[in-house]
Amino acid sequence: MSVQGFWDNGEAARETVAELKRLRGVLDPMEAAAAKLEDLKAIAELLRESDDEDVRVELLKGVADLTKAMDGIELLNLLSGENDIRNCYFNIQAGTGGADACDWAQMLLRMYLRYFERNRYEVEELSMREGEEAGIQSCSLLVKAPYAYGRLSCETGVHRLVRISPFSAQGKRETSFASVDVQPEIDDIEVEVDWDKDVREDTYRAGGKGGQHVNKTASAVRLTHLATGLVAQCQSERSQHKNRASAQKMLMARLYQLEQSKRDAELSKIYGEKGQISWGNAIRSYFLHPEQRVKDTRTGVMVGDSQSVLDGEIDEFIDAYLRKRAAARTA
C-alpha cells in the first residue's frame, strides 16, 4: 500500500485494502491474546511475590477476559468454509401474517442493523419494499466485513414472532413470520447465464428514500431468472446501469448458492423448507406474550430477555449454531 501509484487503480486498491482487513480480522485477535497472556504471566509473578488481593482480583479478571478472547479465536477456526470469509447479500422477506408480518420484517431489520453497528459491519442498502399498511415487505442489503457470510449464514431460515398484535382492535395474540436469506458476495462465480434469454429484466421507479432523481425515473432494476424463479433487484443507485450491475452480481450469487445447495444436503433442506414462510419451518421463535423469551429450535439455546435480542444481541445464537454445524461436518 505504500508503493507509489497504489491508489491510481481505485478498484484494485480497494480489493487490497479489503484483503488486508480480512487478514487483520484473523491476526489481530491472536496477537491481542498473545499480548494478554504475557501480561497475565507478569501479573502472576507479581502475585507470587506479594500475595496482594488486588493483584489476585486483577489476575482472575484477566484470565476471564483471555478465556473469552480464546473462545472468539476458536469460533474463527470454525469459519473455515470456502466462502465464510466473504462479504454477503442479506435479505429479509415478510411471510404470512399481513401487516403483522411486514411489521415483524421491519423489526428484524432493526435487530440486524443494531447487530451490524455493534460489530462495525459496513452495510449498503440495495433495495427496500415497504408494506402496504406498515413495515416492509422485503429488503436486500450488502454486508461487508471479514467472515460476514460465515456468521450471518447461521441466520438463514424462518423467524417466528408471537405477540399481542398492534394491528388488532381486539388485542388478539398473533403469530407472524419472516425469512432471512444470505448469499456470499463472489466476484469470480462460474455460472453460465444468457442474460438475453435466461433472464427477464423489469425497470421501475424506486420508492421511499433516494432523492428526487431516483424516484422520478425508472432507475431501479429487477432481474428474474426464468428457469429457477430467483429474483434480484437493486434501487440504491441513481444510474440504471449501476443498479443493473449490482442486481446481476446478486443474482449470480443466488444461482451459485443454488448450485451449491444441490451438492449440500443441509443447505438443500434449508432452501426447500423456506419455500413456505410459515408454520413448521421456523429456526427461531421470539415470544413477547405472554412470557418474554427467544428460543432457537436448532440448538435449544434460549434467552429470557427478548428485548436485548431484538436490540441486536444475537451472538449467543450464532455461536451455538456455528459449533453445531462444525460438529455435524466432522461427525
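Only one entry in Lys295, Lys274, Lys269 is modelled with pLDDT under 60 and touching a strand residue (DSSP E or B) at 6+ places or on another chain (Cβ under 6 Å), namely Lys274. Pick from segment 218-266 the residues that are part of a loop (DSSP other than H, G, I, E, B) and surrounded by 23 or more Cβ atoms within 10 Å (Cβ to Cβ): which of them is modelled with the highest pLDDT? Ranking the qualifying residues of segment 218-266, first place goes to Gln235.
With respect to the conditions (1) without any contact (Cβ under 8 Å) to a residue 24 or more places away in the chain; (2) in contact with a Leu (Cβ under 9 Å, 6 or more places away or on another chain); (3) not assigned by TED's automatic domain parsing to the domain that holds Lys172, Thr67 lacks only one, and its number is (2). Checking each residue in segment 127-147 for being more than 14 Å from the chain's Cα centre (by Cα) and not polar (S, T, N, Q) picks out Met128, Arg129, Glu130, Gly131, Glu132, Glu133, Ala134, Gly135, Ile136.
When Asp103 is tested against (1) outside any loop (DSSP other than H, G, I, E, B); (2) assigned by TED's automatic domain parsing to the domain that holds Glu133; (3) at pLDDT below 85, only condition (3) is not met. Here the condition is being over 23 Å from the mean Cα position of the chain (by Cα), farther than 29 Å from Ala101 by Cα and at pLDDT 85 or above; of Asp198, Asp202, it holds for Asp198 alone.
The values are calculated or read from the model by the stated rules, or taken from the named source; none is laboratory data. Note that the coordinates shown come from a computational prediction; the quantities given were computed from them, not determined experimentally. For neighbour counting, all protein chains shown are included, and Cβ atoms are generated from backbone atoms with ideal geometry for every residue, glycine included.
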